[in-house]
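The values are calculated or read from the model by the stated rules, or taken from the named source; none is laboratory data. Owing to the predicted nature of the structure, the values given are computational and were not obtained by experimental measurement. A quick note on method: Cβ atoms are made from the backbone with ideal geometry, for glycine too, and the neighbour counts reach across all protein chains shown. Heavy atoms of the whole protein, side chains included, go into the accessibility calculation; ligands, DNA and RNA do not. Shrake-Rupley method; radii C 1.70, N 1.55, O 1.52, S 1.80 Å.
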Amino acid sequence: MKPSFRIAASLACGLLAAASLGWNILHSDPAALQANWGFSLPAGAHCALVYEQDEGASFHGDGLRYHVFACQTVDPIDGLFPWAEADPEQTAQAGRWLDVLEVPQAQRPIAGQCLTWEIRQNDDPRDTLLAFWDREAGRLFILESFL
(Lines give C-alpha, C1' and ligand atoms only; values in the text may rest on other atoms or scores of the structure.)
Protein backbone atom coordinates (compact mmCIF):
# COMPACT_ATOMS: atom_id res chain seq x y z
CA MET A 1 0.00 0.00 0.00
CA LYS A 2 1.33 3.43 -0.92
CA PRO A 3 2.07 5.91 1.92
CA SER A 4 -0.16 8.57 0.33
CA PHE A 5 -3.12 6.18 0.40
CA ARG A 6 -2.50 5.39 4.08
CA ILE A 7 -2.35 9.08 4.92
CA ALA A 8 -5.57 9.77 2.99
CA ALA A 9 -7.33 6.82 4.62
CA SER A 10 -6.19 7.94 8.08
CA LEU A 11 -7.39 11.50 7.43
CA ALA A 12 -10.75 10.22 6.18
CA CYS A 13 -11.20 8.04 9.28
CA GLY A 14 -10.28 10.96 11.53
CA LEU A 15 -12.75 13.27 9.80
CA LEU A 16 -15.53 10.69 10.08
CA ALA A 17 -14.82 10.19 13.78
CA ALA A 18 -14.82 13.96 14.40
CA ALA A 19 -18.04 14.41 12.43
CA SER A 20 -19.71 11.59 14.37
CA LEU A 21 -18.66 13.07 17.70
CA GLY A 22 -19.88 16.52 16.66
CA TRP A 23 -23.20 15.10 15.50
CA ASN A 24 -23.70 13.28 18.82
CA ILE A 25 -22.89 16.38 20.85
CA LEU A 26 -25.13 18.63 18.76
CA HIS A 27 -28.02 16.16 18.93
CA SER A 28 -27.70 15.30 22.60
CA ASP A 29 -30.76 16.26 24.61
CA PRO A 30 -29.28 19.32 26.37
CA ALA A 31 -27.70 20.69 23.19
CA ALA A 32 -30.84 20.03 21.16
CA LEU A 33 -33.03 21.83 23.72
CA GLN A 34 -30.75 24.87 23.53
CA ALA A 35 -30.58 24.83 19.72
CA ASN A 36 -34.29 24.20 19.14
CA TRP A 37 -35.99 26.03 22.00
CA GLY A 38 -33.44 28.49 23.43
CA PHE A 39 -33.02 27.04 26.92
CA SER A 40 -30.85 24.51 28.67
CA LEU A 41 -31.31 22.58 31.88
CA PRO A 42 -29.64 24.33 34.81
CA ALA A 43 -26.41 22.61 35.82
CA GLY A 44 -27.31 23.12 39.48
CA ALA A 45 -30.39 20.90 39.11
CA HIS A 46 -28.19 17.86 38.38
CA CYS A 47 -30.70 16.37 35.91
CA ALA A 48 -30.12 12.96 34.37
CA LEU A 49 -32.01 11.53 31.43
CA VAL A 50 -33.97 8.49 32.65
CA TYR A 51 -36.26 7.80 29.68
CA GLU A 52 -36.63 8.92 26.10
CA GLN A 53 -38.69 7.99 23.09
CA ASP A 54 -39.13 9.38 19.60
CA GLU A 55 -40.86 8.53 16.35
CA GLY A 56 -37.61 7.48 14.73
CA ALA A 57 -35.42 9.01 12.09
CA SER A 58 -36.97 11.44 9.67
CA PHE A 59 -35.43 13.24 6.72
CA HIS A 60 -36.39 16.71 7.98
CA GLY A 61 -36.07 15.99 11.71
CA ASP A 62 -39.80 16.40 12.24
CA GLY A 63 -41.98 14.31 14.51
CA LEU A 64 -42.34 13.74 18.23
CA ARG A 65 -39.63 13.43 20.89
CA TYR A 66 -40.08 12.75 24.59
CA HIS A 67 -37.59 13.02 27.44
CA VAL A 68 -37.87 12.37 31.17
CA PHE A 69 -35.22 13.83 33.45
CA ALA A 70 -34.67 13.03 37.12
CA CYS A 71 -33.46 16.19 38.86
CA GLN A 72 -31.67 16.04 42.20
CA THR A 73 -32.13 19.72 43.09
CA VAL A 74 -35.60 21.18 42.43
CA ASP A 75 -35.07 24.92 43.00
CA PRO A 76 -33.25 25.55 39.67
CA ILE A 77 -36.10 23.84 37.78
CA ASP A 78 -38.67 25.85 39.74
CA GLY A 79 -37.14 28.99 38.23
CA LEU A 80 -36.57 27.59 34.73
CA PHE A 81 -39.96 28.62 33.28
CA PRO A 82 -43.03 30.60 34.35
CA TRP A 83 -44.79 27.39 35.41
CA ALA A 84 -48.59 27.28 35.56
CA GLU A 85 -51.24 24.83 36.66
CA ALA A 86 -51.89 22.07 34.15
CA ASP A 87 -54.25 23.15 31.39
CA PRO A 88 -56.73 20.42 30.30
CA GLU A 89 -55.98 21.10 26.62
CA GLN A 90 -52.22 20.73 27.17
CA THR A 91 -52.74 17.55 29.17
CA ALA A 92 -54.98 16.09 26.46
CA GLN A 93 -52.49 17.00 23.71
CA ALA A 94 -49.63 15.45 25.70
CA GLY A 95 -51.69 12.28 26.16
CA ARG A 96 -52.31 12.00 22.41
CA TRP A 97 -48.61 12.47 21.62
CA LEU A 98 -47.55 9.97 24.30
CA ASP A 99 -50.03 7.46 22.86
CA VAL A 100 -48.46 7.88 19.41
CA LEU A 101 -45.03 7.23 20.96
CA GLU A 102 -46.43 4.27 22.92
CA VAL A 103 -44.96 5.59 26.18
CA PRO A 104 -45.80 3.33 29.15
CA GLN A 105 -47.94 4.85 31.91
CA ALA A 106 -45.06 4.61 34.39
CA GLN A 107 -43.07 7.10 32.27
CA ARG A 108 -45.85 9.65 31.83
CA PRO A 109 -46.45 12.78 33.89
CA ILE A 110 -49.38 12.71 36.29
CA ALA A 111 -51.30 15.84 35.29
CA GLY A 112 -52.67 16.65 38.73
CA GLN A 113 -49.16 16.60 40.23
CA CYS A 114 -47.45 18.69 37.56
CA LEU A 115 -47.01 22.29 36.64
CA THR A 116 -46.77 22.99 32.91
CA TRP A 117 -45.12 25.33 30.47
CA GLU A 118 -45.57 25.57 26.71
CA ILE A 119 -43.64 27.26 23.95
CA ARG A 120 -44.40 27.35 20.23
CA GLN A 121 -42.22 28.26 17.31
CA ASN A 122 -43.91 30.49 14.74
CA ASP A 123 -47.21 30.17 16.63
CA ASP A 124 -47.68 26.75 15.01
CA PRO A 125 -49.19 24.04 17.25
CA ARG A 126 -47.19 21.45 15.29
CA ASP A 127 -43.96 23.12 16.47
CA THR A 128 -44.50 22.94 20.21
CA LEU A 129 -42.63 22.03 23.37
CA LEU A 130 -44.69 20.99 26.38
CA ALA A 131 -42.89 20.70 29.71
CA PHE A 132 -44.37 19.10 32.82
CA TRP A 133 -42.66 19.57 36.20
CA ASP A 134 -43.40 17.15 39.04
CA ARG A 135 -41.59 18.86 41.91
CA GLU A 136 -42.46 16.15 44.44
CA ALA A 137 -40.88 13.42 42.31
CA GLY A 138 -38.12 15.66 40.96
CA ARG A 139 -39.11 14.71 37.41
CA LEU A 140 -39.09 16.96 34.37
CA PHE A 141 -41.06 15.65 31.37
CA ILE A 142 -40.42 17.30 28.01
CA LEU A 143 -42.48 16.63 24.89
CA GLU A 144 -41.36 18.12 21.59
CA SER A 145 -43.38 18.24 18.38
CA PHE A 146 -41.61 19.40 15.24
CA LEU A 147 -43.36 20.42 12.03
> Which residues, taken from region 93-129, are acidic (Asp, Glu) and touching a residue at least 24 places away in the same chain (Cβ under 8 Å)?
Replying inline: Glu102, Glu118
> Here are Tyr66, Tyr51: which of them is open to solvent by less than 30 Å² (accessible area, probe 1.4 Å) and either hydroxyl-bearing (Ser, Thr, Tyr) or under 19 Å from Ala31 (Cβ atoms) (or both)?
Replying inline: Tyr66
> Can you pull out the residues in region 78-125 that are more than 22 Å from Ala45 (Cα to Cα) and polar (S, T, N, Q)?
Replying inline: Gln90, Thr91, Gln93, Gln105, Gln121, Asn122
> Which one of these is closer than 17 Å to Trp133 by Cα and at pLDDT 60 or above: Gly63, Gly56, Gly44, Gly38?
Replying inline: Gly44
> Is there a residue in region 130-143 that is at pLDDT below 95 and open to solvent by 10 Å² or more (accessible area, probe 1.4 Å)?
Replying inline: no
>> Residues to consider are Pro109, Pro3; find the one that is over 14 Å from the mean Cα position of the chain (by Cα) and modelled with pLDDT of 95 or more.
In response: Pro109
> Is one or more of the residues making up region 107-123 open to solvent by less than 30 Å² (accessible area, probe 1.4 Å), within 17 Å of Gln34 (Cα to Cα) and out of contact with any Ser or Thr (no Cβ under 8 Å at 6 or more places or on another chain)?
Replying inline: no
